[in-house]
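No lab work stands behind these numbers, since they all come straight from the coordinates. Everything numeric here is computed off the predicted structure, so don't read it as measured data. Here the Cβ positions follow ideal geometry from the backbone for every residue, glycine too, while neighbour counts run over all protein chains shown.
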Amino acid sequence: MYLSIPLAAFGLGVALGASPGPVQLLLFSEASRGGAGRGLRAMAGANATFGLMMLLLAAGLSSLEPGETFLRVVKVIGGAFLVFLAVDAIREGRRPQVVDDLRGHPSVRGIVAVLLNPGVYVFLATTGTAVVASAVDEGGRGLAIVTVVALLVGVSLMDSAMVLLGAGAHRVSERFLRILSDVLAVAMGALGVWLVVRGIVG
């Protein structure tokens with residue numbers, strides 16, 4: 001009976017990883033620009049950050065309920081970050097070779113993409129809290145941690161597939177890759193602008 005909650009969390013993680021969003025778009029973009037290694041580094045940063053947030057829930061250190069003002073600020077900052085990534089991706093696609101610095105390191109981009117994603121905070125305050133609370137009720141903190149790990153495995157499974165798709169695109173012709181990179185950058189920028197507008201207008 002206890003296994004039903006981790007299994008449900010795994011399915012939830014798969015659904016989260018398969019849902020299109022800023023993090024998935026970032027992973028595909030990073031992998032298409034620099035191969036599987038770059039995409040996996042971005043995924044490691046994103047999933048480690050999300051996992052830490054979930055583990056804080058499981059440990060009982062967070063019972064956050066993000067307010068409207070907080071979410072609006074995160075939308076504006078997160079949207080601006082996506083616009084920055086879009087512009088940077090278009091510029092980088094026209095350079096012959098780029099050496100990652102700390103600002104542009106894929107894992108840092110993954111971390112920031114999670115921290116500035118308003119959907120993450122909504123998930124933590126609603127579904128994430130509900131799943132962890134159910135696990136605590138059924139089997140204590142130990143089961144809650146197992147549940148969080150199961151959810152992260154599900155997310156990572158689908159994120160890995162996104163990285164592999166991006167890495168496959170990386171192997172095609174340079175001209176096609178540049179076009180694909182520009183299309184992804186425009187989509188990322190459009191999502192960023194939408195978030196900024198939503199954050200300002202409310």
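Work out, step by step, the length gained on full extension between GLU68 and THR126: first 0.36 nm times the residue separation, then minus their alpha carbon distance; give nm to one decimal.
Between GLU68 and THR126, full extension yields 19.4 nm more.
Put a dot 7 Å past each Cα toward the Cβ at VAL186 and ALA48; how far apart are the dots in nm?
3.5
Kindly state, to the nearest 0.05, the FRET efficiency for VAL87 paired with SER19, given R0 = 35 Å and r defined as their beta-carbon distance.
My answer for the efficiency is 0.90.
Fewest to most neighbouring Cβ within 10 Å: what's the order for VAL146, VAL201?
Ordered from fewest to most neighbouring Cβ atoms within 10 Å, VAL146, VAL201 come out as VAL201, VAL146.
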